Each structure stands twice: as C-alpha cells, then as structure tokens.
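Right, one structure below, let's go through it.
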Amino acid sequence: MSGFLTALAIMAALAILLGAILGFASVRFRVEADPLVDKIDAILPQTQCGQCSFPGCRPYAEAIAGGEADINQCPPGGEDGIRKLAELLGVDFKPFDEGAIEVKPKSVALIDETTCIGCTLCIQACPVDAIVGAAKQMHTIIASECTGCELCLPPCPVDCIQMVPVGTTVANWKWSYPVIPIKVVKA
Amino acid sequence: MSTLSRFHGGIHPPEFKTLSNGTPIATPPLPAQLVVPLSQHLGNPAKACVSIGERVLAGQRIGEADGRISAAVHAPTSGLIRAIGPHAVAHPSGLLQDCIVIDSDGLDHWSAPSPLPNWQEAGNDEIRTFLRDMGVVGQGGAVFPTSLKLGVTTLEQLIVNGAECEPFISCDDRLMRERAAEIVDGIRIAAHLMRPRAVLIGIEDNKPEAIAAMRAACAGSGFEVLAIPTLYPSGGAKQLIRLLTGKKVPHGVRATDMGVQCFNVGTLYSLKRAIVDGEPVVSRILTLTGNLARPGNIEARIGTPFAHLLNWAGMQADNEGVIMGGPMMGFDLPGLNAGVSKASNCLIAKSRALFPPRPQAMPCIRCGECAKVCPAELQPMDLYWFAKAKDMGRAQEADLFDCIECGACSYVCPSQLPLVDFYKFAKDEIWAAEREKKAADRARMRHDFRQLRLERDKAEKAQRLAARATPAPERSAAPDPDKAAAIRAAMARAAEKKAEGGSTPAKTPLSDDAKRAAIEAAMARAAANKAARESAVSHAAAPGDEAKRAAIEAAMARAAARKAAQSAEADAKGSSDSAAGVSPAPAPKPVMDADKRAAIEAAMARAAAKKAAQSAAADAKGSSDSAAGASSAPAPKPVMDAEKRAAIEAAMARAAAKKAERDAAQKGDH
C-alpha cells in the first residue's frame, strides 16, 4: 500500500514540476508573430497581382492563415503552389475552380515605346517598381524584375503594354524528365 | 616520388583511343563562314565590340569580357562580320544563342601579336586581366575563366590534368606528345603566379608517349609527371586530386581551400600562347573520331562549323548522329551548324556498330552496382528513386549536387536505366526552383519597399500639411506685404488713438479697422454733440470758456473725423489690394460700406462741430472774438484736403440719404 502511495506521490510531484516548466516555457518563449503567415508567404509566387482578390501576396497569406481564404486562389502559383500549400497546412489538394481563373505561362510586360505617351499611370500601378520613366518621357519595363502581374495593362490609356511569354533560352532550359520509349511489339 | 592514392569506384570502358591518336595534329582548311559564340565560358556572355560589315583580322578582339566572371572572344581568322545575333550553338537543347558570324576572306591575315613579355615582373592582377582579355578559359570541359582560377597566391600542390580518361578522346594526348615544351612553359607561368610547393602532372598510363614527352620536357624543372592507372573517371578534378595528393575534397569545400588547384594541359598551353606569343584563344585541339574515314586530331579555329570539319574528315553514309564530348559525358548534337567553341574537345560520329542502341530499360533491382562504381561515393539508386519521384528535397539531401554526371552508374546498370538523365533532370528542376525563389524574394523585397515608400511619402505629405496648418492664424491674416503693411499702419493708428482718446477698446479685432474708425468717429460726434449741448445749455454761465472748449472739441472731432476718413481710405486701399490676391469676393464690400459710413459719420461730426462752433461763436461773439478766431481759424487749414474730400463724400452721402428718403417716401405714398 505504501509503495502505491509513494508511486502516486512521485508521479504527482513530477506532473506538477513538468507542468510548471511547460507553463513557464509557454510564457517565456512565446512566439509573437505568426510564423505560419511567413511560411505561406514563402510559397506564394510574389507576383502581387491580386488575382486572389487580396491586395498582394502577404494579405492572401494572412487570409489563408486566418482561415478566411481557400488555398486554390493563386493562378500564378499554379497547381504546384496549391500542392505545396496543402502540404504545409495539412489539408487536401484542391484544384482551381471550374473556369474561375486561368493559369497562364509566365510572361513579362512589354511597352511599345513608340506608342507610349508618358502618362506614368503604369508606373503607379506596378507593385514591384519594375517600370522606369517620367511624365511625358517614354516608359520601359525592367524585364528581369517584372512579375507578370498584368496590373499595368488596365490603366494604360493607349493600350501600349502587352504581355510577352518568357521563352526558353539556353540559360533557363531544363533537362526534361527521362521517358523510356515504349515499343509496339507485334504479337 | 609521390605515392598514388585510389578514389572510390570507377570503371574501365573500352578506350577506342587508337582510332584517333595515331596521326599528328592536322590543320583543316578554313571554312567560308565561321560562327563564333559570344558565350564560350562560364558566366556572362562577352559583349560584341564590332559591328556588322566591319573587317576584322585574325586575333582581333570581337567580344569584350562583361563583368568579373567572363572572358573575351576573338576573331579566329580575317574577314567580314556578317551577322551578330542568335545562331545554333553546341548545346543539347538546340536553342539559339548570340554568335558573331564571320565571312572568311581566305587570307588569314593576323593582327599584330600582343604578348606580355615581362610576365615574370608583372603583377598577378595584370596577368589575370591580360588572360581575361585574351579569352583564356579552362579547356577541360567547364570553361571556367582561367583568370579567376589564378587568383590564389599560395598553394600546396598545382595539379596538371593530362589524364584524359574518357574513351575516344585523344586531343590532350596528341597535344602532350607534340607540344610538351609549350605546356611546360604554361605550367611555369601558372607556378610563378600561384607559388605551389609541388607541381604534379597526372597522365593515365594508357598514354606512354605523352608521359615520355612530358617527362622529357619537365626535365630539370622540378615538376613531377605521374602515370596514373587507367580508370574512368580519373580525369575528374576531385578524383585526380585524390589520386595525386591523397586529399578528399569534401562536400561544399573548394579545392583551393585545401591548397590544391587543377589545370587542364590544354588550358596551360593556351595560357602560354597568350602570354609568351601574344596569341589569343582562336583555336583549340579537337578530336574527330568514331565513324569517320580519316579520324584524328586537328587544330580547329573557334567558330568552324562542325559540318565542315566532319565532312573534311569523311562522314560516312551510315552516320547516326554526332556526339560532342566523350561517350560518357557528352551529348548528342541537335544539328551540325554550330561552330567549334572553347569547350569542344571531341566530335564522335556515331554508327550502329560503335554505339548499339541501349536495350530496353527495366525496373531498378537495387543491386547496388551503381554505388560500387560511383566515384563521388553517392548512392545512385537512391538519387534515382528521389529524382524519379520528383522528390527534389530528399534528392538534395542525398547530395545530388556532388554527382559529377560521369555516367559510371548508367554504364554498369544491369537494368539499363538512364540514371544520369534523371540526375540532370533533378538538378535542372532544383536550379529552376532556386531561380524562381530568388525572383520571388526579390519581388517581395521590391513590393515591401514600394509599400514602405508609399507610406513614407504619405506620412511626409501629412507632416507638410500639418506644418502649414499650425501657423495659419498669423500668416493667413498677412499673406502678402501690402496687407501686412496695412495692418501695421492700423495697429499704429490704434495705438495713437488709444493714447489720444484713451477709450479705444484694445481687444477690437484688427481686421475691423474701418469699423473701429467708424466707432471712433461716432464717439467724436457724440463728444461734439455733447459739447454743443453743453455750450447751448451753459453758454450764459461761462460763455468765453464754453466757446473756447467747444471750438477745441470741434477741432478734435474734426481731426478724429479726418483721421477716421483717412484710415478708412487706407484700409480700403490696402484690403482691396490684398483682396485681389487672397479673397477677391467678400473683402471689398464691407470695406466700401465702412468707408462710406465713416465718411458719412465724419461729415455728420463735422457738421455738428461747425454748428457747435457757430452757436458758440454766435453766443460769445462780443466777449471771446479772439478765442473763436484763434480756435476756428487755424483748424480748417491743415485739414483742407481731407475736409474737402470728406465734404464731397458727405455731400454724396447726403445725396444718397436723400435719395433713400425719397425712395422711402415714394414707397410710403404708394
């Protein structure tokens, strides 16, 4: 009987001690910011295009973390992006809604410099400051910084901006997935 | 004599070296057109520094190094620049890259050589810049700019790579046999720059003639020529370092950090040609072998189209494609239009006999043969599984990037799996993901900065507006000097009046100057009235004194009236001036009214004063003539103009009043 009581006392003392340590740690080492938002934001493609209906990638990440938005609202991220988000959040993969948003190949904007009137509207629209120019001066796009968000297209009063798909060059060419050719064997 | 170590794994495929290593280095005829790629090295492509239609000489620089990791490009022969733009290059993708196309004039005129004769005295930086401008790059395969590799100034061992382990290739073999002395001169220059404690030259023992030639050339130099066992891939940099020095270069560590640097014999040869002979890299030794009528080694000008060389060597009818590089690590050329680059060491024409089709691939049976032969000591079957499953993270954890793509695993695979293709696929995917991540990070940074900038601008604007709003009461009253002057004048007047009358309310707003003037005029009038009344009531008691006081008061009232009229006028002027600039609509109206009213009141005051004076004078005529004359005579004189104007204004006011009265009367009649 006394052995039983001793064991009980030891276990109770241990429980109190460990509980105290855990309680102290939860206060002392509390994480202030939400690391989940950063993790989600790291997966998002940072086009800042607003196609998810949120004003930029981080607001969308915050909305996902807060459970206000679905994970399938980012067309530039593609299905690969949805898969990564699903994996991170421990939810099921969810395809894009039927005909909701189309996934386009990566493109960059190109200004037709002969048509540009130098109104600066596109410069104000660009979320990553990838357009250079000044009032009544020709504008041009820094192709390497363009995210292809298309936000500069609607404000242009002379429709001189078009999206040009980024082609494959020797620099960004990728070795394709090896396929083992299947031969038809006649019976 | 150093002892040799062994590296892990390795294979010994059939050599096929005798196909091409029996004949001396030949020189094929110049082609009609040469295609010189601008990107023949690791790093930034060279920038073209010639224009279309320009005539160039052999050895003339046509592309300048762009940035630190880059190298110059030179015209391989004399001729005319035909085009600068995208052209087929030696790349497995078959994609186009910027090239300079030169129409050869067949004369092969050379520009004057520009050697660096005093290289022994020249500084390290000077020699490196010189080599960069001479286009010297590593010719072992990686085409890394040699100028960067020479930056290390203390070294334990300098390794010279003459292993040439891949089957079929024999260009380094022939180079060492025929031009050993020049290679050794190149080693001397490199050794001068890097000051190694030992120079080790590693040559596979299947090239006895090359070993003999190099030993003869190195006699007395202290450089050690070592025959290494023939085992593929002993020519890999890490494997050769292991063989010759016993050092294993770990993951993520550069060989230079361990005091070892490795150079290909071809690189050292071109280094010597550049510094001693002043000849930029416009040609290289190239093996033409395989299914050809006349296989052998040639000194090919950079830019010579592959088709030209292969036709010269005798392409066979049963040719089944061409491999650039060796059979283990090379790739099938998508076309033969591309020109020779500094990386082109071998062209193998394929035939069914030499390269039988690879049997059907079967599933991996995890036999472990690949792990046994892997020179990088990896687990190739694991890498294969991860790559096949596109599990890039785990592939990277399994040290995918330590794979040198030597192809030993594919060679021994009993299931005939194209293992290296999977590794190349995985590496390219990881690199692409890395590029995308970098681009996303940059976009995030730029977006964050933009948000910050917009907010900062907003805050600054708000601050500016706030700064403008706070001192507004002071400044809005006097936005321009005219008005300020008017206000100052008004304040001075107020002070004067206060001293004079003692009854001016100090608190009266300054902008109501005209009003105040009117009030003062009214007070003056009241005083005058009172004086008149008093004089009327008590003129009998003290007529002389009374008349005198009345006259004085009348004079004062006049003065006050005049002043009021003047101030009203000044005020009207000032405020109408300022009103034009600041508040055009409301300001003039009240001023005009005030002016008018002041004038009317002044006139009335004057009239009252006159009346008082007259009555006083009439009452006290006999007794105080002198007093009346003294008091009434001098007073009007100095105020003549003002009085006149006041009189006119009073008349006008009277007329207006009369008119109003008449109007009212008419209205009343109706």
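If I filter the stretch A:172-183 for residues that are of a type in the set (A, V, I, L, M), touching a Gly at 6+ places or on another chain (Cβ under 7 Å) and either more than 11 Å from chain B (Cβ to nearest Cβ) or part of a loop (DSSP other than H, G, I, E, B) (or both), do I get at least one hit? Scanning the stretch A:172-183, I find no residue that is of a type in the set (A, V, I, L, M), touching a Gly at 6+ places or on another chain (Cβ under 7 Å) and either more than 11 Å from chain B (Cβ to nearest Cβ) or part of a loop (DSSP other than H, G, I, E, B) (or both), so the answer is no. As a summary of the residue check, A:Thr168 satisfies the conditions (1) within 14 Å of another protein chain (Cβ to nearest Cβ); (2) of a type in the set (Ser, Thr, Tyr); (3) more than 25 Å from B:Glu405 (Cα to Cα) except for the one numbered (3).
Looking only at the stretch B:320-334, decide whether some residue is touching a strand residue (DSSP E or B) at 6+ places or on another chain (Cβ under 9 Å), over 30 Å from B:Leu42 (Cα atoms), among the aliphatic types (A, V, I, L, M) and more than 14 Å from chain A (Cβ to nearest Cβ). Looking for residues that are touching a strand residue (DSSP E or B) at 6+ places or on another chain (Cβ under 9 Å), over 30 Å from B:Leu42 (Cα atoms), among the aliphatic types (A, V, I, L, M) and more than 14 Å from chain A (Cβ to nearest Cβ), one finds none in the stretch B:320-334, hence no.
Within the stretch B:193-231, the set of residues being in contact with a Leu (Cβ under 7 Å, 6 or more places away or on another chain) and in a loop (DSSP other than H, G, I, E, B) comprises just one member, B:Arg195. Within the stretch A:32-51, residues that are assigned to a helix (DSSP H, G or I) sit with their Cβ atoms under 8 Å from residues that are of a type in the set (Asp, Glu), at 6+ positions apart or across chains, in these pairs: A:Val37/A:Glu62.
Checking the stated criteria, A:Ile64 turns out to be of a type in the set (A, V, I, L, M), in a helix (DSSP H, G or I), surrounded by 11 or more Cβ atoms within 10 Å (Cβ to Cβ) and away from chain B (no Cβ under 14 Å). Tallying residues that are buried (at least 24 other Cβ atoms within 10 Å of the Cβ) and out of contact with any Asp or Glu (no Cβ under 8 Å at 6 or more places or on another chain) within the stretch B:244-261 yields 1. Taking the criterion of being in contact (Cβ under 8 Å) with a residue 24 or more places away in the chain and either within 39 Å of the chain's Cα centre (by Cα) or in a helix (DSSP H, G or I) (or both), the residues of the stretch B:411-430 that qualify are B:Tyr411, B:Val412, B:Leu419, B:Phe422, B:Tyr423, B:Phe425, B:Ala426, B:Lys427, B:Glu429, B:Ile430. Picking from residues in the stretch A:151-180 that are at pLDDT 90 or above and either touching a strand residue (DSSP E or B) at 6+ places or on another chain (Cβ under 7 Å) or of a type in the set (Gly, Ala, Ser) (or both), the one that is farthest from B:Ala361 (Cα to Cα) is A:Cys160.
Looking across B:Gly63, B:Gly67, B:Gly85, B:Gly53, one residue alone is surrounded by 23 or more Cβ atoms within 10 Å (Cβ to Cβ) and either free of Cβ contacts under 8 Å to residues at least 40 places away in the same chain or not in a loop (DSSP other than H, G, I, E, B) (or both). It is B:Gly63. Reported count of residues in the stretch B:165-182, each being closer than 11 Å to B:Ala213 by Cα and surrounded by 20 or more Cβ atoms within 10 Å (Cβ to Cβ), is 7.
Does the stretch B:39-46 contain at least one residue that is hydroxyl-bearing (Ser, Thr, Tyr) and within 14 Å of chain A (Cβ to nearest Cβ)? Taking every residue of the stretch B:39-46 in turn, at least one turns out to be hydroxyl-bearing (Ser, Thr, Tyr) and within 14 Å of chain A (Cβ to nearest Cβ). When residues in the stretch B:183-216 are screened for being buried (at least 21 other Cβ atoms within 10 Å of the Cβ) and either free of Cβ contacts under 8 Å to residues at least 40 places away in the same chain or not assigned by TED's automatic domain parsing to the domain that holds B:Gln120 (or both), 3 of them pass. Counting only residues that are closer than 30 Å to B:Lys424 by Cβ and either away from chain B (no Cβ under 11 Å) or surrounded by 14 or more Cβ atoms within 10 Å (Cβ to Cβ) (or both), the stretch A:127-165 holds 7 of them. Of the residues making up the stretch B:399-409, not a single one is within 10 Å of chain A (Cβ to nearest Cβ), of a type in the set (A, V, I, L, M), closer than 20 Å to A:Asp80 by Cβ and without any contact (Cβ under 8 Å) to a residue 40 or more places away in the chain. Would you mind finding the one in B:Asp382, B:Asp421 that is in contact with a Ser or Thr (Cβ under 9 Å, 6 or more places away or on another chain), surrounded by 15 or more Cβ atoms within 10 Å (Cβ to Cβ) and charged (D, E, K, R)? Among B:Asp382, B:Asp421, only B:Asp421 is in contact with a Ser or Thr (Cβ under 9 Å, 6 or more places away or on another chain), surrounded by 15 or more Cβ atoms within 10 Å (Cβ to Cβ) and charged (D, E, K, R). For the stretch A:28-61, taking the residues that are within 14 Å of chain B (Cβ to nearest Cβ) and of a type in the set (Asp, Glu), the one that is farthest from A:Val108 (Cα to Cα) is identified as A:Asp38. Within the stretch B:88-104, restricting attention to residues that are within 10 Å of another protein chain (Cβ to nearest Cβ) and in a loop (DSSP other than H, G, I, E, B), the residue that is nearest to B:Gly53 (Cα to Cα) is B:Val89. Restricting attention to the stretch B:393-403, which residues are assigned to a helix (DSSP H, G or I) and surrounded by 18 or more Cβ atoms within 10 Å (Cβ to Cβ)? Across the stretch B:393-403, the qualifying residues are B:Ala395, B:Leu400. Do we find that B:Asp332 is at negative phi and either under 48 Å from the mean Cα position of the chain (by Cα) or modelled with pLDDT of 95 or more (or both) in this structure? Against the criterion (at negative phi and either under 48 Å from the mean Cα position of the chain (by Cα) or modelled with pLDDT of 95 or more (or both)), B:Asp332 qualifies.
When the residues of the stretch B:336-363 are filtered to those that are within 14 Å of another protein chain (Cβ to nearest Cβ) and under 50 Å from the mean Cα position of the chain (by Cα), the one that is nearest to B:Gln139 (Cα to Cα) is B:Ala343.
Checked against (1) under 24 Å from A:Lys104 (Cα atoms); (2) among the charged types (D, E, K, R); (3) more than 14 Å from chain B (Cβ to nearest Cβ); (4) surrounded by 10 or more Cβ atoms within 10 Å (Cβ to Cβ), A:Asp92 passes all but condition (4). Taking the conditions exactly as written (in a loop (DSSP other than H, G, I, E, B) and under 27 Å from the mean Cα position of the chain (by Cα)), does B:Gln40 satisfy them or not? In short, yes. Within the span defined as the stretch B:384-407, one or more residues are of a type in the set (Val, Ile, Thr) and modelled with pLDDT under 95. Checking the stretch A:7-29 against the condition returns no match, with no residue being at pLDDT below 90, among the charged types (D, E, K, R), part of a helix (DSSP H, G or I) and within 30 Å of B:Arg444 (Cβ to Cβ).
Determine, yes or no, whether B:Asp125 is of a type in the set (D, E, K, R) and either buried (at least 18 other Cβ atoms within 10 Å of the Cβ) or not assigned by TED's automatic domain parsing to the domain that holds B:Pro76 (or both). No: the conditions fail for B:Asp125. Here A:Asp70 meets the list (1) within 14 Å of chain B (Cβ to nearest Cβ); (2) touching a residue at least 12 places away in the same chain (Cβ under 8 Å); (3) not β-branched (Val, Ile, Thr); (4) not in a helix (DSSP H, G or I) almost entirely, failing just condition (1).
The values are calculated or read from the model by the stated rules, or taken from the named source; none is laboratory data. Only a predicted model underlies this, so the values are computations on that prediction, with no experimental measurement involved. Cβ sites come from the backbone with ideal geometry, for glycine too, and all protein chains shown count toward neighbours.
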